[in-house]
Amino acid sequence: MEVHMILPKLTIRDRTYEAPIIQGGMGVGVSRDMLAGTVAHEGCIGILSSACLDFLISHDLKKRYNAYDAMILEVQNARILSQGHGGIGVNIMVYLARDFDASVRGAVDAKADMIICGAGLPLQLPQVVGTTADIALIPIVSSVRALRLICARWAKKGRRPDAVVVEGPLAGGHLGFAYEDLTRSEHQLDAIFPPIKEFAMTNGDFPVIVAGGIYTHQDICDWITRGADGVQMGTRFLVTEESGASLLYKQAVIECTPEEIIVCHNRTCPPGSPSGMPFRTLTNAPMYAFGKFRRPFCNRGYVLQKDAEGSFSICAAKENSQQNFCICNGLLSSAGYAKDEQPLFTVGTNAHRVDRIVSTHELICELKGS
Ligand SMILES: Cc1cc2nc3c(=O)[nH]c(=O)nc-3n(C[C@H](O)[C@H](O)[C@H](O)COP(=O)(O)O)c2cc1C
(Lines give C-alpha, C1' and ligand atoms only; values in the text may rest on other atoms or scores of the structure.)
Protein backbone atom coordinates (compact mmCIF):
# COMPACT_ATOMS: atom_id res chain seq x y z
CA MET A 1 0.00 0.00 0.00
CA GLU A 2 1.30 3.45 -0.92
CA VAL A 3 2.02 5.51 2.20
CA HIS A 4 2.48 9.26 2.14
CA MET A 5 3.31 10.98 5.40
CA ILE A 6 4.73 14.08 6.94
CA LEU A 7 8.11 12.82 8.00
CA PRO A 8 8.90 12.97 11.71
CA LYS A 9 11.72 15.07 13.11
CA LEU A 10 14.95 13.43 14.18
CA THR A 11 16.59 14.14 17.52
CA ILE A 12 20.23 13.22 18.07
CA ARG A 13 21.99 14.24 21.29
CA ASP A 14 19.49 16.95 22.20
CA ARG A 15 19.50 18.56 18.76
CA THR A 16 16.36 18.21 16.69
CA TYR A 17 16.39 18.23 12.90
CA GLU A 18 13.36 19.08 10.75
CA ALA A 19 13.44 15.90 8.69
CA PRO A 20 14.97 12.46 9.38
CA ILE A 21 17.20 12.54 6.31
CA ILE A 22 20.98 12.32 6.47
CA GLN A 23 22.98 12.89 3.30
CA GLY A 24 25.70 10.28 3.73
CA GLY A 25 29.38 11.15 3.66
CA MET A 26 30.80 10.59 0.18
CA GLY A 27 34.50 10.52 -0.43
CA VAL A 28 36.50 11.54 -2.25
CA GLY A 29 35.37 15.11 -2.74
CA VAL A 30 31.69 14.33 -3.43
CA SER A 31 30.15 15.54 -0.18
CA ARG A 32 31.98 18.81 0.26
CA ASP A 33 30.84 22.00 2.01
CA MET A 34 28.53 22.98 -0.86
CA LEU A 35 26.47 19.78 -0.72
CA ALA A 36 26.43 19.30 3.06
CA GLY A 37 25.74 22.98 3.71
CA THR A 38 22.82 23.02 1.26
CA VAL A 39 21.35 19.82 2.73
CA ALA A 40 21.54 21.37 6.20
CA HIS A 41 19.97 24.57 4.90
CA GLU A 42 16.97 22.42 3.90
CA GLY A 43 16.63 21.29 7.54
CA CYS A 44 18.27 17.89 7.07
CA ILE A 45 21.73 16.67 8.06
CA GLY A 46 24.62 17.17 5.63
CA ILE A 47 27.72 15.05 6.10
CA LEU A 48 31.17 16.12 4.90
CA SER A 49 33.74 13.52 3.92
CA SER A 50 37.17 13.73 5.52
CA ALA A 51 38.80 11.64 2.77
CA CYS A 52 41.77 13.47 1.18
CA LEU A 53 40.33 16.76 2.45
CA ASP A 54 43.77 18.28 3.04
CA PHE A 55 44.64 17.63 -0.62
CA LEU A 56 41.32 19.02 -1.90
CA ILE A 57 41.48 22.21 0.11
CA SER A 58 45.21 22.78 -0.48
CA HIS A 59 44.55 22.37 -4.20
CA ASP A 60 41.55 24.73 -4.18
CA LEU A 61 43.22 27.45 -2.12
CA LYS A 62 46.76 26.94 -3.47
CA LYS A 63 48.10 26.86 0.07
CA ARG A 64 49.18 23.86 2.14
CA TYR A 65 46.53 22.71 4.66
CA ASN A 66 46.94 19.70 6.95
CA ALA A 67 44.05 17.31 7.73
CA TYR A 68 43.14 19.15 10.96
CA ASP A 69 43.05 22.66 9.46
CA ALA A 70 41.27 21.42 6.33
CA MET A 71 38.54 19.90 8.47
CA ILE A 72 38.08 23.10 10.48
CA LEU A 73 37.71 25.16 7.30
CA GLU A 74 35.34 22.69 5.63
CA VAL A 75 32.98 22.54 8.64
CA GLN A 76 33.01 26.33 8.97
CA ASN A 77 32.19 26.78 5.28
CA ALA A 78 29.37 24.25 5.39
CA ARG A 79 27.97 25.95 8.50
CA ILE A 80 27.94 29.33 6.75
CA LEU A 81 26.06 27.81 3.80
CA SER A 82 23.53 26.19 6.15
CA GLN A 83 22.68 29.60 7.66
CA GLY A 84 22.20 27.89 11.00
CA HIS A 85 19.64 25.36 9.77
CA GLY A 86 19.87 21.59 10.02
CA GLY A 87 22.98 19.71 11.05
CA ILE A 88 26.55 19.51 9.81
CA GLY A 89 28.44 16.29 10.43
CA VAL A 90 31.62 14.64 9.32
CA ASN A 91 32.22 11.16 7.93
CA ILE A 92 35.59 9.75 8.89
CA MET A 93 36.55 6.30 7.66
CA VAL A 94 38.40 4.18 10.20
CA TYR A 95 40.45 2.68 7.39
CA LEU A 96 42.02 6.09 6.72
CA ALA A 97 44.13 5.50 9.82
CA ARG A 98 46.93 7.96 9.13
CA ASP A 99 44.68 11.03 9.28
CA PHE A 100 41.98 9.64 11.58
CA ASP A 101 42.92 11.47 14.79
CA ALA A 102 43.58 14.81 13.07
CA SER A 103 40.24 14.64 11.23
CA VAL A 104 38.37 13.80 14.46
CA ARG A 105 40.02 16.65 16.37
CA GLY A 106 39.26 19.05 13.54
CA ALA A 107 35.58 18.06 13.59
CA VAL A 108 35.43 18.51 17.38
CA ASP A 109 37.20 21.88 17.38
CA ALA A 110 35.08 23.17 14.48
CA LYS A 111 31.98 22.21 16.50
CA ALA A 112 30.48 19.85 13.98
CA ASP A 113 27.22 18.37 15.23
CA MET A 114 28.28 14.77 14.73
CA ILE A 115 30.97 12.37 13.61
CA ILE A 116 29.84 9.35 11.64
CA CYS A 117 32.45 6.59 11.39
CA GLY A 118 32.46 3.56 9.11
CA ALA A 119 34.82 1.44 7.00
CA GLY A 120 36.02 -0.35 10.11
CA LEU A 121 35.02 -0.38 13.78
CA PRO A 122 35.65 3.01 15.44
CA LEU A 123 36.62 1.48 18.77
CA GLN A 124 39.01 4.33 19.68
CA LEU A 125 36.70 7.19 18.73
CA PRO A 126 35.67 8.36 22.26
CA GLN A 127 39.31 8.35 23.31
CA VAL A 128 40.30 10.63 20.45
CA VAL A 129 37.28 12.90 20.94
CA GLY A 130 37.93 13.33 24.68
CA THR A 131 35.49 13.54 27.54
CA THR A 132 34.34 17.14 27.31
CA ALA A 133 33.41 17.47 23.64
CA ASP A 134 29.73 18.03 22.91
CA ILE A 135 29.54 16.16 19.64
CA ALA A 136 27.36 13.19 18.65
CA LEU A 137 29.28 10.00 17.92
CA ILE A 138 27.64 7.68 15.41
CA PRO A 139 29.11 4.38 14.21
CA ILE A 140 28.10 2.73 10.95
CA VAL A 141 27.51 -0.99 11.44
CA SER A 142 26.28 -3.89 9.37
CA SER A 143 25.53 -6.30 12.23
CA VAL A 144 24.31 -6.21 15.82
CA ARG A 145 27.54 -7.99 16.78
CA ALA A 146 29.61 -5.01 15.61
CA LEU A 147 27.35 -2.60 17.50
CA ARG A 148 27.65 -4.67 20.69
CA LEU A 149 31.43 -4.62 20.43
CA ILE A 150 31.51 -0.86 19.89
CA CYS A 151 29.14 -0.22 22.82
CA ALA A 152 31.18 -2.44 25.15
CA ARG A 153 34.39 -0.61 24.27
CA TRP A 154 32.86 2.89 24.36
CA ALA A 155 31.26 2.20 27.75
CA LYS A 156 34.76 1.95 29.24
CA LYS A 157 35.23 5.60 28.20
CA GLY A 158 31.80 6.59 29.51
CA ARG A 159 30.14 6.95 26.10
CA ARG A 160 27.49 5.20 24.13
CA PRO A 161 26.50 5.89 20.52
CA ASP A 162 24.27 8.95 20.12
CA ALA A 163 22.74 7.13 17.14
CA VAL A 164 23.76 4.30 14.86
CA VAL A 165 23.68 3.98 11.08
CA VAL A 166 22.78 0.46 9.93
CA GLU A 167 24.12 0.06 6.42
CA GLY A 168 22.95 -2.85 4.29
CA PRO A 169 24.69 -4.37 1.27
CA LEU A 170 22.93 -2.20 -1.36
CA ALA A 171 24.90 0.94 -0.40
CA GLY A 172 27.56 2.78 -2.37
CA GLY A 173 31.23 2.96 -1.40
CA HIS A 174 32.85 0.35 0.84
CA LEU A 175 30.62 -2.39 2.19
CA GLY A 176 30.87 -3.86 5.67
CA PHE A 177 30.30 -7.47 4.65
CA ALA A 178 32.33 -10.39 3.41
CA TYR A 179 32.00 -10.49 -0.37
CA GLU A 180 30.32 -13.91 -0.15
CA ASP A 181 27.67 -12.56 2.27
CA LEU A 182 26.49 -9.62 0.16
CA THR A 183 23.56 -11.45 -1.39
CA ARG A 184 22.59 -13.66 1.58
CA SER A 185 19.12 -12.91 2.92
CA GLU A 186 20.28 -12.78 6.57
CA HIS A 187 22.60 -9.86 5.72
CA GLN A 188 20.05 -7.68 3.92
CA LEU A 189 18.92 -4.46 5.62
CA ASP A 190 15.48 -5.99 6.32
CA ALA A 191 17.15 -8.72 8.37
CA ILE A 192 19.90 -6.78 10.17
CA PHE A 193 17.70 -3.84 11.20
CA PRO A 194 15.35 -5.53 13.78
CA PRO A 195 18.04 -6.88 16.16
CA ILE A 196 19.92 -3.59 15.99
CA LYS A 197 16.76 -1.61 16.75
CA GLU A 198 16.01 -3.90 19.68
CA PHE A 199 19.55 -3.55 21.01
CA ALA A 200 19.41 0.26 20.68
CA MET A 201 16.05 0.42 22.49
CA THR A 202 17.34 -1.59 25.42
CA ASN A 203 20.68 0.23 25.64
CA GLY A 204 19.70 3.86 26.02
CA ASP A 205 17.13 4.05 23.22
CA PHE A 206 19.37 5.84 20.74
CA PRO A 207 18.12 6.53 17.19
CA VAL A 208 18.66 3.94 14.47
CA ILE A 209 19.26 5.29 10.97
CA VAL A 210 19.00 2.93 7.99
CA ALA A 211 21.11 3.15 4.83
CA GLY A 212 21.61 1.32 1.56
CA GLY A 213 19.13 1.23 -1.30
CA ILE A 214 16.73 3.87 0.03
CA TYR A 215 15.58 5.95 -2.92
CA THR A 216 12.09 7.47 -2.67
CA HIS A 217 9.79 9.26 -0.21
CA GLN A 218 7.85 6.01 -0.13
CA ASP A 219 10.99 4.08 0.93
CA ILE A 220 11.55 6.56 3.75
CA CYS A 221 7.92 6.22 4.90
CA ASP A 222 8.24 2.43 4.84
CA TRP A 223 11.33 2.49 7.04
CA ILE A 224 9.83 5.01 9.48
CA THR A 225 6.73 2.83 9.73
CA ARG A 226 8.95 -0.16 10.50
CA GLY A 227 10.64 1.65 13.38
CA ALA A 228 13.65 3.39 11.84
CA ASP A 229 14.30 6.87 13.22
CA GLY A 230 15.86 8.17 10.03
CA VAL A 231 17.57 7.32 6.76
CA GLN A 232 21.01 7.96 5.35
CA MET A 233 21.18 8.29 1.57
CA GLY A 234 24.14 8.54 -0.79
CA THR A 235 23.38 7.81 -4.44
CA ARG A 236 20.51 10.31 -4.71
CA PHE A 237 22.75 13.13 -3.47
CA LEU A 238 25.65 12.10 -5.70
CA VAL A 239 23.88 13.41 -8.80
CA THR A 240 22.84 16.80 -7.48
CA GLU A 241 24.02 20.18 -8.69
CA GLU A 242 25.82 20.73 -5.39
CA SER A 243 27.67 17.40 -5.30
CA GLY A 244 31.42 17.55 -5.90
CA ALA A 245 31.37 14.65 -8.38
CA SER A 246 32.71 15.61 -11.81
CA LEU A 247 30.25 16.06 -14.65
CA LEU A 248 31.73 12.92 -16.25
CA TYR A 249 30.89 10.98 -13.06
CA LYS A 250 27.31 12.31 -12.85
CA GLN A 251 26.80 11.56 -16.53
CA ALA A 252 28.13 8.01 -16.10
CA VAL A 253 25.59 7.44 -13.30
CA ILE A 254 22.75 8.80 -15.43
CA GLU A 255 23.72 6.53 -18.31
CA CYS A 256 24.52 3.33 -16.40
CA THR A 257 22.51 0.13 -16.62
CA PRO A 258 21.92 -2.28 -13.70
CA GLU A 259 24.45 -4.70 -15.24
CA GLU A 260 27.18 -2.04 -15.07
CA ILE A 261 26.87 -1.71 -11.28
CA ILE A 262 29.15 -4.34 -9.74
CA VAL A 263 30.94 -5.08 -6.51
CA CYS A 264 34.67 -5.52 -6.82
CA HIS A 265 36.85 -7.13 -4.19
CA ASN A 266 40.58 -7.66 -4.17
CA ARG A 267 40.42 -11.39 -3.39
CA THR A 268 37.25 -12.47 -5.15
CA CYS A 269 36.73 -9.97 -7.96
CA PRO A 270 40.01 -8.07 -8.41
CA PRO A 271 41.11 -5.40 -8.60
CA GLY A 272 39.40 -4.06 -5.51
CA SER A 273 39.86 -1.51 -2.77
CA PRO A 274 43.19 -1.72 -0.92
CA SER A 275 41.08 -1.75 2.28
CA GLY A 276 40.11 -5.36 1.54
CA MET A 277 36.45 -4.41 1.81
CA PRO A 278 34.03 -5.03 -1.07
CA PHE A 279 33.54 -1.82 -3.05
CA ARG A 280 30.64 -1.05 -5.37
CA THR A 281 31.69 0.51 -8.67
CA LEU A 282 30.56 1.19 -12.21
CA THR A 283 32.19 -0.94 -14.89
CA ASN A 284 32.01 2.10 -17.18
CA ALA A 285 34.36 4.04 -14.87
CA PRO A 286 37.53 4.64 -16.93
CA MET A 287 39.82 3.34 -14.19
CA TYR A 288 37.85 0.12 -13.94
CA ALA A 289 37.41 -0.30 -17.68
CA PHE A 290 40.95 0.56 -18.84
CA GLY A 291 43.19 0.80 -15.83
CA LYS A 292 42.77 -2.48 -14.10
CA PHE A 293 45.65 -4.34 -15.69
CA ARG A 294 48.34 -1.71 -15.26
CA ARG A 295 50.35 -0.44 -12.33
CA PRO A 296 48.43 2.36 -10.66
CA PHE A 297 49.95 5.78 -10.32
CA CYS A 298 50.14 5.65 -6.55
CA ASN A 299 51.64 8.53 -4.60
CA ARG A 300 49.13 9.90 -2.08
CA GLY A 301 49.35 7.62 0.94
CA TYR A 302 45.84 8.15 2.34
CA VAL A 303 45.29 4.42 2.81
CA LEU A 304 48.72 3.67 4.30
CA GLN A 305 48.65 1.13 7.11
CA LYS A 306 51.21 0.70 9.90
CA ASP A 307 54.26 -1.52 9.47
CA ALA A 308 55.88 -3.57 12.26
CA GLU A 309 57.67 -0.45 13.56
CA GLY A 310 54.42 1.47 13.79
CA SER A 311 55.07 3.79 10.82
CA PHE A 312 52.45 4.32 8.14
CA SER A 313 54.33 2.80 5.21
CA ILE A 314 52.25 -0.07 3.80
CA CYS A 315 50.04 0.59 0.77
CA ALA A 316 48.23 -2.52 -0.50
CA ALA A 317 47.81 -0.92 -3.95
CA LYS A 318 51.56 -0.44 -4.29
CA GLU A 319 52.34 -3.91 -3.00
CA ASN A 320 49.94 -5.68 -5.34
CA SER A 321 48.58 -3.59 -8.16
CA GLN A 322 46.95 -6.59 -9.83
CA GLN A 323 44.65 -7.05 -6.87
CA ASN A 324 44.15 -3.47 -5.66
CA PHE A 325 43.16 -0.18 -7.21
CA CYS A 326 45.06 2.93 -6.28
CA ILE A 327 41.90 4.25 -4.75
CA CYS A 328 43.21 7.69 -3.71
CA ASN A 329 44.01 8.94 -7.20
CA GLY A 330 41.10 7.16 -8.88
CA LEU A 331 38.59 8.75 -6.54
CA LEU A 332 40.32 12.14 -6.53
CA SER A 333 40.05 12.05 -10.31
CA SER A 334 36.30 11.35 -10.08
CA ALA A 335 35.91 14.71 -8.32
CA GLY A 336 37.99 16.50 -10.96
CA TYR A 337 41.37 16.39 -9.13
CA ALA A 338 44.50 14.29 -9.81
CA LYS A 339 43.70 14.31 -13.51
CA ASP A 340 46.77 12.19 -14.33
CA GLU A 341 44.75 9.20 -13.15
CA GLN A 342 41.58 7.81 -14.70
CA PRO A 343 38.48 8.18 -12.52
CA LEU A 344 36.87 5.41 -10.51
CA PHE A 345 33.12 5.76 -9.86
CA THR A 346 31.40 4.31 -6.82
CA VAL A 347 27.59 4.17 -6.60
CA GLY A 348 24.79 2.39 -4.76
CA THR A 349 22.67 -0.34 -6.39
CA ASN A 350 20.00 2.16 -7.38
CA ALA A 351 22.31 4.26 -9.55
CA HIS A 352 20.60 3.10 -12.75
CA ARG A 353 17.37 4.77 -11.57
CA VAL A 354 18.96 8.24 -11.60
CA ASP A 355 17.97 10.01 -14.82
CA ARG A 356 19.06 13.63 -14.39
CA ILE A 357 20.99 16.09 -12.27
CA VAL A 358 18.68 17.83 -9.79
CA SER A 359 19.17 20.59 -7.26
CA THR A 360 19.48 19.51 -3.64
CA HIS A 361 16.41 21.65 -2.86
CA GLU A 362 14.33 19.79 -5.44
CA LEU A 363 15.58 16.41 -4.24
CA ILE A 364 14.83 17.12 -0.60
CA CYS A 365 11.33 18.42 -1.41
CA GLU A 366 10.72 15.14 -3.26
CA LEU A 367 12.11 13.04 -0.41
CA LYS A 368 10.05 14.91 2.17
CA GLY A 369 6.98 14.38 -0.01
CA SER A 370 6.30 18.10 -0.01
C1 LIG B 1 29.84 8.15 -4.17
C2 LIG B 1 29.73 7.55 -2.82
C3 LIG B 1 30.78 7.70 -1.93
C4 LIG B 1 30.67 7.21 -0.64
N5 LIG B 1 31.69 7.42 0.23
C6 LIG B 1 31.57 7.03 1.53
C7 LIG B 1 32.58 7.36 2.47
O8 LIG B 1 33.59 8.01 2.15
N9 LIG B 1 32.43 6.93 3.75
C10 LIG B 1 31.32 6.23 4.14
O11 LIG B 1 31.21 5.87 5.32
N12 LIG B 1 30.33 5.93 3.27
C13 LIG B 1 30.42 6.33 1.98
N14 LIG B 1 29.41 6.08 1.10
C15 LIG B 1 28.14 5.47 1.60
C16 LIG B 1 27.06 6.56 1.80
O17 LIG B 1 27.42 7.46 2.81
C18 LIG B 1 25.68 5.96 2.13
O19 LIG B 1 25.65 5.38 3.41
C20 LIG B 1 25.24 4.91 1.15
O21 LIG B 1 25.60 5.25 -0.15
C22 LIG B 1 23.73 4.73 1.23
O23 LIG B 1 23.25 3.93 0.18
P24 LIG B 1 22.57 4.56 -1.13
O25 LIG B 1 23.68 5.04 -1.98
O26 LIG B 1 21.84 3.40 -1.73
O27 LIG B 1 21.66 5.66 -0.70
C28 LIG B 1 29.51 6.52 -0.22
C29 LIG B 1 28.47 6.35 -1.15
C30 LIG B 1 28.57 6.85 -2.42
C31 LIG B 1 27.43 6.67 -3.38
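Please list, ordered by residue number, the helices (runs of 4 or more DSSP H) wholly in the stretch 216-257 having 1 or more residues that are of a type in the set (S, T, N, Q) and surrounded by 24 or more Cβ atoms within 10 Å (Cβ to Cβ).
Answer list for the stretch 216-257: 235-238.
Search the stretch 51-70 for residues that are under 24 Å from HIS174 (Cβ atoms) and free of Cβ contacts under 8 Å to residues at least 24 places away in the same chain and pair each with any residue that is within 16 Å of the ligand (Cβ to nearest atom) and not in a loop (DSSP other than H, G, I, E, B) when their beta-carbon atoms are under 8 Å apart and the residues are at least 6 apart or on different chains.
Listed pairs, sorted by first residue: ILE57/ALA70; ILE57/GLU74.
Checking VAL104 against (1) surrounded by fewer than 21 Cβ atoms within 10 Å (Cβ to Cβ); (2) among the hydrophobic types (A, V, I, L, M, F, W, C); (3) farther than 22 Å from GLY230 by Cα, only one condition comes out false. Which one?
Every condition holds for VAL104 apart from (1).
Which one of these is touching a Pro at 6+ places or on another chain (Cβ under 9 Å), more than 15 Å from the ligand (Cβ to nearest atom) and at pLDDT 95 or above: ASP205, ASP162?
ASP162
Based on what the data block shows, is ALA171 modelled with pLDDT of 95 or more, closer than 22 Å to THR240 by Cβ and buried (at least 19 other Cβ atoms within 10 Å of the Cβ)?
Judged against the criteria, ALA171 is a match.
Looking at the stretch 312-370, what helices (runs of 4 or more DSSP H) fall wholly within it and have at least 2 residues that are farther than 27 Å from GLY168 by Cβ?
Result: 316-319, 327-334.
So, in the stretch 135-160, how many residues would count as being in a helix (DSSP H, G or I) and over 22 Å from GLY173 (Cα atoms)?
7
Only one residue in GLY176, GLY204, GLY168 is more than 21 Å from HIS361 (Cα to Cα) and in contact with a helix residue (DSSP H, G or I) (Cβ under 6 Å, 6 or more places away or on another chain). Which one?
Checking each option against the conditions leaves just GLY168.
Output the residue which, of all residues in the stretch 210-242 that are in contact with a helix residue (DSSP H, G or I) (Cβ under 9 Å, 6 or more places away or on another chain) and among the β-branched types (Val, Ile, Thr), is farthest from SER359 (Cα to Cα).
So the residue we want is VAL210.
The values are calculated or read from the model by the stated rules, or taken from the named source; none is laboratory data. Source: prediction; values computed, not measured. Note that each Cβ is placed from the backbone with ideal geometry, even for glycine, and that neighbours are counted across all protein chains shown.
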